[in-house]
Amino acid sequence: MVKAPAGNKLAILSALSRDHFISGQALGETLGISRAAVSKHIKSLQEMGIDIFKVTGKGYRLNHSLPLLDQNKILPVWQALTDSACNIEVQPIIDSTNSELMRRIQAPEHDVPSGHVLVAEMQQAGRGRRGRQWQSPFGANLYYSYYWLFEEGMQAAMGVSIAVGLAVYDALHALYDLEVQLKWPNDIYINEQKLAGILVELDGQMEGPCHLVIGIGLNVAMPNCAAQQIDQAWTDLSQHIPEVDKNQLAVVLTLCLQKRLNMYQKSGLSDMVAQWNALNAFRNQVVSLSTGQRQWRGICEGIDNQGGLVLRQDGERKTYYGGEISLRKEG
């Protein structure tokens, strides 16, 4: 089991910079430990997915600055933007933020308030859709889950990932003036490269109250060692903006999500369809849709009011709904 960096590891992590090299000797002298101990700590940090360069005669430096989460920094950002109570909880290392929230909700003594957010620095078993692993190296990205108690039931929650995608768009646009595109049903793209993914998990009744755990994985500063495991074109925020404050990002994302979920509760997707369609990454392009067993081709026209994907096939418009469906652009 990997542990969060603490003690000397955390001190080394804090001392490392992406702007200049620091020698092992200098790090050792600062911490009162040997160069061999410094080297051992560096090796274990690298094994956690932290991108650290070593150059003989110069020392160590970070490939990216690590924008770490800090509970004490989140609160003032939250209080500056809203009067409501802050329900953002930071965990250093976790199996999966979605799994942990779902376990708490399903526990007999469940007392998790709707709107509770769990963010982590690293996931040991991060999950994407269709059972895929979500690359979750320490400190590099934002691993985020939001709990929402939805009274209308699972059937009415089927279009929620559309609202969540727009919330991610809202946050990135507000903070960084970044123009992203949305890929049905739950990805965020920049220039045809994946920046973030959404995983909505439900527990409850079709018609009665249900629990939603809304997971968002957002690439911030992906290290090269983790990037090699990704099987599609990707990007991260560090390639588009100079510096990211993950504490600010977690707060603004939460507020944007609350706003979109309130809209969804009042009127479903009716007020969001036009905007989503304008941001559709595959708008009017030829796409293939597959479930593993079956495949369809058509021109992607966007979504309908229920969040289903509308394809034009041989002059006819047909609608497909989420689940275990994969969407790819042809050619």
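Readers should treat all values here as calculations from the given coordinates under stated rules, not as data from a laboratory. These numbers were taken from a predicted model, which means no experiment stands behind them. Positions of Cβ are backbone-derived with ideal geometry, glycine not excepted, and every protein chain shown enters the neighbour counts.
Here are a few things to note about the model shown:
- Candidates Gly153, Gly307, Gly215, ranked by Gaussian network fluctuation over the chain, Cα under 10 Å, top entry: Gly153
- Working from Cα pairs under 8 Å separated by at least six residues, relative contact order for the chain is 15 percent.
- Loop sites in segment 177-282: GluC sites (Glu not before Pro), DSSP, at most 13 other Cβ within 10 Å: Glu179, Glu192, Glu207, Glu243
- Efficiency of FRET between Asn87 and Asp314 - r from beta-carbon atoms, R0 56 angstrom, step 0.05: 0.70
- Potential extension, Ser326-Asp245 segment - 0.36 nm per residue separation minus Cα distance: 25.9 nm
- Linear extension gain, Gln275 paired with Asn305, 0.36 nm per residue minus alpha-carbon span: 9.6 nm
- Between segment 197-226 and segment 13-32, the C-alpha centres lie 37 angstrom from each other.
- Two-site FRET efficiency, Glu29 against Asp95, from Cβ-Cβ distance with R₀ of 35 Å, rounded to 0.05: 0.40
- With neighbour counts taken as other beta-carbon atoms within 10 Å, the residues His116, His20 rank, fewest first, as His20, His116.
- For the chain, the mean residue ellipticity at 222 nm estimated from helices alone is -9000 deg cm²/dmol, where every DSSP H run of n ≥ 4 contributes -39500 (n - 2.57) and the total is divided by all residues, rounded to the nearest 500.
- Once the gyration tensor of the Cα atoms in segment 42-107 is diagonalised, the equivalent ellipsoid follows with semi-axes of 33, 20, 7 Å, ordered largest first.
- Cα gyration tensor shape of the chain, rounded if a/c is under 1.5, else prolate or oblate by comparing a/b with b/c: prolate
- Relative contact order computed over segment 208-331 (Cα-Cα under 8 Å; 6+ residues apart), in percent: 16
- Under 10 Å, Cβ to Cβ, from Lys183 - net charge with Lys/Arg +1 and Asp/Glu -1: +1
- Protection proxy ranking, highest mean first, for peptides 56-62, 140-146: 140-146, 56-62, where packing is the per-residue count of other beta-carbon atoms within 10 Å, averaged.
- Ordering of 24-30, 276-282 by packing is 276-282, 24-30, highest average first (other Cβ atoms within 10 Å, averaged per residue).
- DSSP finds beta bridges in segment 86-205, and of those with both partners inside it, around 65 percent are antiparallel.
- Top of Gly159, Gly268, Gly315 by mean-square fluctuation, Gaussian network on the chain, Cα under 10 Å: Gly315
- Exposure proxy shown here: for Tyr264, Tyr147, the number of other Cβ atoms within 10 Å sets the order, fewest to most, as Tyr147, Tyr264.
- Each residue in Trp234, Trp78 was given a count of other beta-carbon atoms within 10 angstrom of its own, and listing them fewest first yields Trp234, Trp78.
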